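One structure is given here, and the rest of the page talks about it.
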Amino acid sequence: MASSKLVLVMCFMINAFGIAIGAKFDQEFDITWGDGRAKILNNGDLLTLSLDKISGSGFQSKNEYLFGKIDMQLKLVPGNSAGTVTAYYLSSQGPTHDEIDFEFLGNLSGDPYTLHTNVFGQGKGNREQQFHLWFDPTADFHTYSITWNPQRIIFYVDGTPIREYKNSESMGVSYPKNQPMRIYSSLWNADDWATRGGLVKTDWSQAPFSASYRNFNANACITSSLSSCNSNTTTSTSSSWLNEELDNTSQERLKWVQKNYMVYNYCTDSKRFPQGFPADCLQNS
């Protein structure tokens, strides 16, 4: 609770609480690469990325965030998407960067996507958990959310928690808390590793590949030296993410996902960690 109060004070001092509901992509994001392969359509309500043999494409948020609740609806590359990766993540910059990842690893037609998650603190990652999904993520839009506060990071799919990563600084494990992060997304070719460890290559006869985005929402602390906090936005509703944790019902949903749909957990990979699991696994397994 004390750390949440500190964050509130920090937001008043150097940031502003920002609430972007159904925000326009042209107002919130910049297309950063792809030479025309990324497009903002429908009066700013839709963004598409495409990938062909020459290049992929990507975008990033105009704002930087230090804690918050981020939602984005995605519809992934349909059909034979093997070798492609659609990445959607928060990240700072530099060798000691922080990062919170959603990555969607494509697959052959009829085989499930792999949803890859990871958390970096001070440049150290290797905290991967991977999942299959209980629906076809290419048939329609679905909401992928990140809640990031001083105590924990929660990954959600359509409001169902799939992963909770708790702050383990008391165990000597770095946690993202000091570096503001932008939102990034890209569609790119990673057929050297993305599908079955690189055994299945991208079928370029299926190109161009395309992923779509809509309904971006951010309820977050926005880094801006020119901003000041509006007291009307610091209500218990708008800042509820600062103390968000999983209630009993959400804990049961999390267990259901992890029992039925988790396909990799670094905290159970004894071959990878023969000398013992990382310290943060004590409360993040």
Among the candidates Lys166, Lys124, residue that is modelled with pLDDT of 95 or more, open to solvent by 10 Å² or more (accessible area, probe 1.4 Å) and of a type outside the set (Ser, Thr, Tyr): Lys166
I need a count of the residues in region 184-224 that are in contact with an Asp or Glu (Cβ under 6 Å, 6 or more places away or on another chain) and either at pLDDT below 90 or hydroxyl-bearing (Ser, Thr, Tyr) (or both). 3
Do any strands (runs of 3 or more DSSP E) entirely within region 1-45 hold 3 or more residues that are modelled with pLDDT of 60 or more and in contact with a strand residue (DSSP E or B) (Cβ under 6 Å, 6 or more places away or on another chain), and if so, which? 15-23, 29-33
Return the residue satisfying two criteria in turn: it lies in region 55-85 and is over 16 Å from Asp192 (Cα atoms) and of a type in the set (A, V, I, L, M, F, W, C), and of such residues it is farthest from the chain's Cα centre (by Cα). Val77
Please find, within region 146-159, the residue that is surrounded by the fewest Cβ atoms within 10 Å (Cβ to Cβ) out of those that are in contact with a Ser or Thr (Cβ under 8 Å, 6 or more places away or on another chain) and not in a loop (DSSP other than H, G, I, E, B). Tyr156
For Thr138: the one exception among (1) open to solvent by less than 20 Å² (accessible area, probe 1.4 Å); (2) among the hydroxyl-bearing types (Ser, Thr, Tyr); (3) more than 23 Å from Pro278 (Cα to Cα): (1)
Given (1) open to solvent by 60 Å² or more (accessible area, probe 1.4 Å); (2) closer than 26 Å to Ser205 by Cβ, where does Gln93 come up short, assuming only one miss? (2)
Residues satisfying the stated conditions in region 63-86, i.e. touching a His at 6+ places or on another chain (Cβ under 9 Å) and part of a strand (DSSP E or B): Gln73, Leu74, Lys75, Val85
Sole exception among (1) over 25 Å from Asp269 (Cβ atoms); (2) part of a loop (DSSP other than H, G, I, E, B) for Thr143, by number: (2)
Which pairs turn up if I take residues in region 54-66 that are touching a residue at least 24 places away in the same chain (Cβ under 8 Å) and closer than 22 Å to Asn149 by Cβ and look for partners that are in a strand (DSSP E or B) and of a type in the set (D, E, K, R) with beta carbon separation below 9 Å, at least 6 apart in sequence or on another chain? Ser61/Asp30; Ser61/Arg182; Asn63/Arg182; Glu64/Arg182; Tyr65/Arg182
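The values are calculated or read from the model by the stated rules, or taken from the named source; none is laboratory data. Quick caveat, the model's predicted, so the values are computed rather than measured. Virtual Cβ from ideal backbone geometry, glycine too; neighbours counted across all protein chains shown. We work out accessible area using only protein heavy atoms, side chains counted, and drop any ligands, DNA or RNA first. Shrake-Rupley method; radii C 1.70, N 1.55, O 1.52, S 1.80 Å.
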